[in-house]
Amino acid sequence: MSTLERHAFFYPHVDPQTGTPATGHAMAAEDGIQTIYRRLYHNPDGYQRANEYDFVSYFECADEHLPTFDIVRQALRDERRNPEWRFVIEGPEWRGRAC
């Protein structure tokens, strides 16, 4: 898939696989824009390397915003709303707290 095709999944669009409207990545995550800090760390050696992740996502929010984080996380993993999730191979997830 080309970069442009991948980029189209970010915005509202018609899912080419199902022919139905999809909100896309940006709209699926909209509820957390004001309260969740996100940082994406790309693999410095490139993408699609055997036994390696293309990127690691880091999220941070105050404890009172954890329910919003969980809603956003669920929305991003909903392939009807965010069809790009079909292409994700998910790695481990860690949750922690500031001391």
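All of the numbers you see were taken from the coordinates with simple rules; none came from a lab. Everything numeric here is computed off the predicted structure, so don't read it as measured data. Heads up, the Cβs are rebuilt from the backbone with ideal geometry, glycines too, and the neighbour counts pull from every protein chain shown.
The set of residues from the stretch 55-77 being in a loop (DSSP other than H, G, I, E, B) and either surrounded by 14 or more Cβ atoms within 10 Å (Cβ to Cβ) or in contact with a Pro (Cβ under 8 Å, 6 or more places away or on another chain) (or both) comprises just one member, 61.
Just one of the numbered conditions (1) exposed (fewer than 15 other Cβ atoms within 10 Å of the Cβ); (2) outside any helix (DSSP H, G or I); (3) free of Cβ contacts under 8 Å to residues at least 60 places away in the same chain is not true of residue 81: (1).
Of the residues that make up the stretch 15-37, is at least one among the charged types (D, E, K, R) and within 22 Å of residue 91 (Cα to Cα)?
no
Scanning the stretch 1-46 for residues that are aromatic (Phe, Trp, Tyr) and within 13 Å of residue 84 (Cα to Cα) turns up 9, 10, 11. How many of the residues in the stretch 2-41 are assigned to a loop (DSSP other than H, G, I, E, B), over 14 Å from the mean Cα position of the chain (by Cα) and without any contact (Cβ under 8 Å) to a residue 40 or more places away in the chain? Selection size over the stretch 2-41: 6.
Table: residues versus (1) closer than 16 Å to residue 26 by Cβ; (2) among the small types (Gly, Ala, Ser); (3) within 11 Å of the chain's Cα centre (by Cα).
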position: 52; (1), (2), (3): no, no, no
position: 56; (1), (2), (3): no, no, yes
position: 62; (1), (2), (3): no, yes, no
position: 69; (1), (2), (3): no, no, no
position: 73; (1), (2), (3): yes, no, yes
position: 76; (1), (2), (3): yes, no, yes
position: 80; (1), (2), (3): yes, no, no
position: 83; (1), (2), (3): yes, no, yes
position: 90; (1), (2), (3): no, no, yes
